[in-house]
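Structure first, then comments.
The values are calculated or read from the model by the stated rules, or taken from the named source; none is laboratory data. The shown structure was predicted, so the numbers you read here are calculated from the model rather than taken from an experiment. Don't worry about glycine lacking a Cβ; one is built from the backbone with ideal geometry, like all the others, and counts go over all protein chains shown. We work out accessible area using only protein heavy atoms, side chains counted, and drop any ligands, DNA or RNA first. Shrake-Rupley method; radii C 1.70, N 1.55, O 1.52, S 1.80 Å.
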Amino acid sequence: MTESSPLSVLVGALADGSVEVVDLTSPLSAATPVIQLPPEFGQTARFELEEISRYDDRGPAWYWNNFTSGEHTGTHFDAPNHWVTGKDLADVASVPARRLIAPAVVLDFTAEVEKNPDFLVEIDHIKAWEAEHAPLPDGGWLFVRTGWSAHSHSQEAFLNADENGPHTPGLSPECARWVAQETHVLGLGVETVGTDAGKANSFDPPFPCHSYLMGSDKYGLTQLQNLDRLPPTGSVVIAGPLPIVSGSGAPARVLALVERQ
Ligand code: MN
């Protein structure tokens, strides 16, 4: 590496703080909220640790655990084969490594969601944002900031369900179709338990973000946090799902590189 090589510049910028690393990942524990589907469907597992040894009879000098988890537990990556519309497309281990590092844009709907937890992003919201900032990035992430990660301390608050089901924000069906089929984004990242709105089971099609995005070979990232620390444009995201062979998704460490002035 010469001093001016791109990686040298990056290493220097990380060392002097002019590029900051922002962790977008929610901590993974038994308390991490998980999605709850209507009772007729199969349910995902919470994250759980099972201690193997802790400097004791079972292993005098070492501490380690087994863990169990759903693929879609905590901050995680949705692969195209997660949905029937993408069933012949990539599993999570087949997603090219090259696509795991990509630019991101952040659209902020915190104020709207504060007033209405069922808020849905529409095509016009995104077009207005593009007119003010930039076109959505080819091969980059569309992150929808809603402030919802503030509720992630509690399963109940995070799912926000009543007798009519969960109330959490998302995209309208038409907007989901447009993002998936008429833009060139890599995928959609959200703060909520899944990429779809809480009410999306009743949409046409049901779960439109999953249906359209997975069917268009796009990806999902969920339960992101710290999106308030990203600029609207200009960050670079590294999303590292576990390469579960034939898996439909996986818990992921998601980091963003952000330039500081
Ligand atoms: Mn998922």
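Under conditions of 37 °C and 0.692 mPa s, segment 37-81 yields 251 µm² s⁻¹ as its translational diffusion coefficient, taking Rh as the Kirkwood radius over Cα pairs in the Stokes-Einstein equation.
Around the amide H of GLY189, modelled in the peptide plane, lie the amide H atoms of LEU142, PHE143, VAL144, LEU221, all under 5 Å away and 5 or more residues distant in sequence or on another chain. Ligands, DNA and RNA left out, the 1.4 Å accessible surface of the chain is 55% carbon and sulfur atoms. Taken one residue at a time, the phi angles of segment 42-56 give Karplus couplings (6.51, -1.76, 1.60, θ = phi - 60°) of x, 10, 7, 7, 6, 7, 9, 9, 10, 5, 8, 7, 9, 6, 9 Hz. Gly and Pro are set to x. Cross-link partners for LYS127 among the lysines, with Cα-Cα distance under 23 Å and sequence neighbours closer than 8 places in the same chain left out: LYS115, LYS218. For segment 216-260, the spherically averaged projection of the C-alpha convex hull amounts to 4.1 nm². Per the Kirkwood formula applied to alpha carbons, segment 78-179 shows a radius of gyration over Rh ratio, Rg over Rh, of 1.00. Taking all Cα-Cα distances within segment 129-230, those exceeding 23 Å account for 25%. Helix-derived [θ] at 222 nm for the chain: sum -39500 (n - 2.57) over DSSP H runs of at least 4, divide by residue count, nearest 500? Calculated mean residue ellipticity at 222 nm is -5000 deg cm²/dmol.
Between THR75, THR32, THR195, the Gaussian network model of the chain with springs among Cα atoms under 10 angstrom shows the greatest mean-square fluctuation at THR32. For segment 1-65, the alpha carbon positions stretch 56, 44, 18 Å along the principal axes, listed from largest to smallest. Residue-wise HN-Hα couplings along segment 21-30, as the Karplus relation 6.51 cos²θ - 1.76 cosθ + 1.60 with θ = phi - 60° gives them from phi, are 9, 10, 7, 9, 8, 7, x, 9, 8, 5 Hz; Gly and Pro carry x.
Charging the Cβ of each Asp and Glu at -1 and of each Lys and Arg at +1, and nothing else, the dipole of segment 136-261 about its Cα centre rounds to 380 debye. The residues of the chain expose on average 50 square angstrom of accessible surface per residue, using a 1.4 Å probe on protein heavy atoms. Dividing the C-alpha radius of gyration of segment 1-151 by 2.2 N^0.38 Å, with N its residue count, gives 1.41.
When the chain is treated as a GNM with alpha-carbon contacts under 10 Å, the residue of GLN43, GLN223, GLN181 showing the greatest mean-square fluctuation is GLN43. The value obtained for the chain, namely the Cα convex hull volume divided by the number of residues, is 165 Å³ per residue. Between the C-alpha center of segment 170-235 and that of segment 71-97 there is a gap of 14 Å.
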